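Report on one structure; see the data block that follows.
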């Protein structure tokens, strides 16, 4: 069994994931991506009822944590969940 003493980096990585999704808006983004597969910032903005700049900041934090990835299609970037552990967490949190 891994412990913080035997593998501190593992525990740091897991804690970083939890920190990234601990914000209610970011958790909502992740949940929406889990349900819908892909979304662009405009769709997230409508769902969250937040300014586009605010949504973009949350998206940046999720990308930096390697939780989501983006794919450009024309002028839009469509985001999707790429972290399998986060998909499992969302499924447990929302019983889906």
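Within segment 1-45, which residues are assigned to a loop (DSSP other than H, G, I, E, B), free of Cβ contacts under 8 Å to residues at least 12 places away in the same chain and under 12 Å from the mean Cα position of the chain (by Cα)?
The one that is assigned to a loop (DSSP other than H, G, I, E, B), free of Cβ contacts under 8 Å to residues at least 12 places away in the same chain and under 12 Å from the mean Cα position of the chain (by Cα): 22.
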Inset, instruction - From (1) in a helix (DSSP H, G or I); (2) more than 15 Å from residue 21 (Cβ to Cβ), pick out the condition that doesn't hold for residue 78. - result: (1)
Inset, instruction - State all residues of segment 38-62 that are under 18 Å from residue 93 (Cβ atoms) and at pLDDT 95 or above; if no residue qualifies, say none. - result: 58, 62
Inset, instruction - Considering each of 83, 40, 66 in turn, give the residue that is surrounded by 13 or more Cβ atoms within 10 Å (Cβ to Cβ) and touching a strand residue (DSSP E or B) at 6+ places or on another chain (Cβ under 6 Å). - result: 40
Inset, instruction - Read through the list (1) crowded, with 17+ Cβ neighbours inside 10 Å; (2) in contact with a helix residue (DSSP H, G or I) (Cβ under 8 Å, 6 or more places away or on another chain), then give the number of the only condition that residue 33 fails. - result: (2)
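The values are calculated or read from the model by the stated rules, or taken from the named source; none is laboratory data. What you are looking at is a predicted structure, and each value in this text was computed from that prediction instead of being measured. Every residue, glycine as well, gets a Cβ built from its backbone with ideal geometry; the counts of neighbours run over all protein chains shown.
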